[in-house]
1. Does Glu417 count as loosely packed, with under 13 Cβ neighbours inside 10 Å and not hydrophobic (A, V, I, L, M, F, W, C)?
2. Taking the options Arg432, Arg414, name whichever one is in a strand (DSSP E or B), at pLDDT 85 or above and among the basic types (Lys, Arg).
3. Evaluate the range 458-478: report whether one residue or more is under 27 Å from His529 (Cβ atoms) and in a loop (DSSP other than H, G, I, E, B).
4. Kindly establish whether Val444 is within 23 Å of the chain's Cα centre (by Cα) and either among the polar types (S, T, N, Q) or part of a loop (DSSP other than H, G, I, E, B) (or both).
5. In contact (Cβ under 8 Å) with a residue 24 or more places away in the chain, closer than 29 Å to Thr428 by Cβ, in contact with a Ser or Thr (Cβ under 6 Å, 6 or more places away or on another chain) and of a type in the set (A, V, I, L, M, F, W, C): does that describe Ala512?
6. Condition check: touching a helix residue (DSSP H, G or I) at 6+ places or on another chain (Cβ under 6 Å) and at pLDDT 75 or above. Does Phe107 satisfy that?
7. Any residue in the range 556-564 that is part of a strand (DSSP E or B), in the same structural domain as Glu433 (by TED's automatic domain parsing) and touching a helix residue (DSSP H, G or I) at 6+ places or on another chain (Cβ under 7 Å)?
8. Against the conditions (1) assigned by TED's automatic domain parsing to the domain that holds Arg253; (2) out of contact with any strand residue (DSSP E or B) (no Cβ under 8 Å at 6 or more places or on another chain); (3) at pLDDT below 60, where does Gly185 fall short? Just the number, please.
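The values are calculated or read from the model by the stated rules, or taken from the named source; none is laboratory data. Small disclaimer: the values here were computed from a predicted structure and weren't measured. A quick note on method: Cβ atoms are made from the backbone with ideal geometry, for glycine too, and the neighbour counts reach across all protein chains shown.
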Amino acid sequence: MSRGTLRWVLVLFFSSLILMGQIWAQAEGSKAATAEVPKFTSKSQLVLVPVVVTGKNGEHVTGLGRGAFKVEEQGKVREATVFEEVKTVAPDAKAKAALTLEGKSNFNFDRTENWRMTVVVLDMLNTPFLAQGEGKRKLIQYLSKSLQRDEPTTLFGLRRNGLKQLHPFSTDTGLLIDALRKLDGQVSRDEVNDSAMTVSDDGDALSGAAQQIADWLNDSEALMNAYQQREAIRTTLTAMTDIAHAYAAIPGRKTMIWASGGFPFMLDDPQAFAHMGTDMVEKYEETWRALVSADIAVYTVDVTGLAAYSGGTAKFDAAQQAAPMKATRGMRSNAPAQVAYDKQAEKQATLRAFADATGGTPCVNTNDIEKCLSRAVDDSRQYYVLGYYLPSDDQKPGWRKLKVKVASEGAHVRAREGFYVGAAEEDTQATRERQILDALRSPVDFTGLRLNVQELPAEADAKPAAAGKSAHEFRVGILGSSLRIDGAHDNAVDAFVVSVALNEGGKNMASAQQRVAAKLDAKTVEKIHQAGLGVRLRLELAPGKYELRFVVRDNLSGEIGSVGYPLEVK
């Protein structure tokens, strides 16, 4: 990483901290005296397990009952108290028209149907530059030939500077292809590391002083490579978390196709993060919770295609390769690995681990990517959902292995191989700040709360704006079904609403915030259920183009919603 890039990263980081500090200080100074906010405590955890069941010829097996399934967690049988056979639908024009509202919203689908949708991510952060072009070509080929017109698909690109949405959900393959073609490639993380200069030890050729300098340079390069590895992991985890938050409120199993050259870590291996500090372990836990809560199945696609291994054969045993790596990864040990390290094999092992752990399928060591993509989309059309509650005396944090069996001759079962139980997160001010900051900087809208943002016409008696600026009033509407109203505590509500205006350079030019904390009478509760809760925010802006971000956090449920709102001020 260059000195200029590092300086830019630090500026963004500290600017974010300053921004959130200002927002919180203003909010705390202006809020009215209200009842103390209840702490967000852990509750019985419902484990939902989407299950795809196919026959000998790959067709979906239908009509199975609850008794045909058996769920084991850590070898213990769990009784499924939730069971459903799901057949997804594609949104029709009538359904989408019914949700058309003036302004900007963070939802395109209602919650009464199990919608079918596919998220496609082209991961350039962890993919060699030359393979990125091939990955784009194969994705375009698939979109142009195979994607059904009724299949809502959204496209993302992952680069070193984070996740970017290339196109929102659409059934127009032409628009999706155009968006994908505009995506430029970049040198991947591994290629940056591999190109770094290393000073070799040439025995007596170096003097004592020169050898010390060489050792220092090599150590510095190793430190920089470790830093870049850490940042690649953080960026990848953040991207997955953002996508999960974006679509968590949409019911049903979601398909995420992750086209990549490999990952820098094992998703189902917490030890992989142990040597990177507690913050990385927390990020890992957050990502797992988000993926599981959103019912996202990751279908990993190795865009590098067929690869030759050091052993001289294309055959690859993921379990054999992954086991010794997972046993030693993250541990500071000089003990030799059980097998020779193979970089390409490790990448494929991580791709397999991601897919297996989330209930998807890996597509590795093949050039028939189109077939893999078609299978991934087809899996989202029909599946079963099994669910059970964790016992109150079995809430210990950690990774839990899952195994689903089905009593149907010749049937093949695919479900995620585990889930992560995280420690209860205390609802502190620091937690709220971090969650709101995550939503503000995310390139996608969070859907934990369903929001609609509308600019209001100027009022004749409105307070005049500062010189050179104009005042803009917005109404942030929160759907009544999204907001928690605590009937056990006098119909209490507690929400924090934030807005920031970013210019084209990403600099914060204005912000506004308001906390809504009150106890409601029955008539007001009924109105909120019918028409939602509206909060007004005012921003004073100079002429220019802005990306406004509106974020609402329900402090009683911990849910967050956000909306991006482009605005040009003349």
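1. On the way: loosely packed, with under 13 Cβ neighbours inside 10 Å: no; not hydrophobic (A, V, I, L, M, F, W, C): yes.
No: the conditions fail for Glu417.
2. Values: Arg432 fails: in a strand (DSSP E or B).
It is Arg414.
3. Filtering the range 458-478 down to residues under 27 Å from His529 (Cβ atoms) leaves 473-478.
Applying the additional criterion that residues be in a loop (DSSP other than H, G, I, E, B) yields none.
Looking for residues that are under 27 Å from His529 (Cβ atoms) and in a loop (DSSP other than H, G, I, E, B), one finds none in the range 458-478, hence no.
4. Values: within 23 Å of the chain's Cα centre (by Cα): yes; either among the polar types (S, T, N, Q) or part of a loop (DSSP other than H, G, I, E, B) (or both): yes.
For Val444, the condition - within 23 Å of the chain's Cα centre (by Cα) and either among the polar types (S, T, N, Q) or part of a loop (DSSP other than H, G, I, E, B) (or both) - is met.
5. On the way: in contact (Cβ under 8 Å) with a residue 24 or more places away in the chain: yes; closer than 29 Å to Thr428 by Cβ: yes; in contact with a Ser or Thr (Cβ under 6 Å, 6 or more places away or on another chain): yes; of a type in the set (A, V, I, L, M, F, W, C): yes.
Taking the combined requirement at face value, the residue satisfies it.
6. Values: touching a helix residue (DSSP H, G or I) at 6+ places or on another chain (Cβ under 6 Å): no; at pLDDT 75 or above: yes.
When the stated conditions are applied, Phe107 does not pass them.
7. Within the range 556-564, the first condition is being part of a strand (DSSP E or B), and the residues that meet it are 560-564.
Going one step further and asking which of them are in the same structural domain as Glu433 (by TED's automatic domain parsing), we end up with 560-564.
With the extra rule that they be touching a helix residue (DSSP H, G or I) at 6+ places or on another chain (Cβ under 7 Å), the set shrinks to 560, 562.
The answer is yes, given that some residue of the range 556-564 is part of a strand (DSSP E or B), in the same structural domain as Glu433 (by TED's automatic domain parsing) and touching a helix residue (DSSP H, G or I) at 6+ places or on another chain (Cβ under 7 Å).
8. Condition not satisfied by Gly185: (3).
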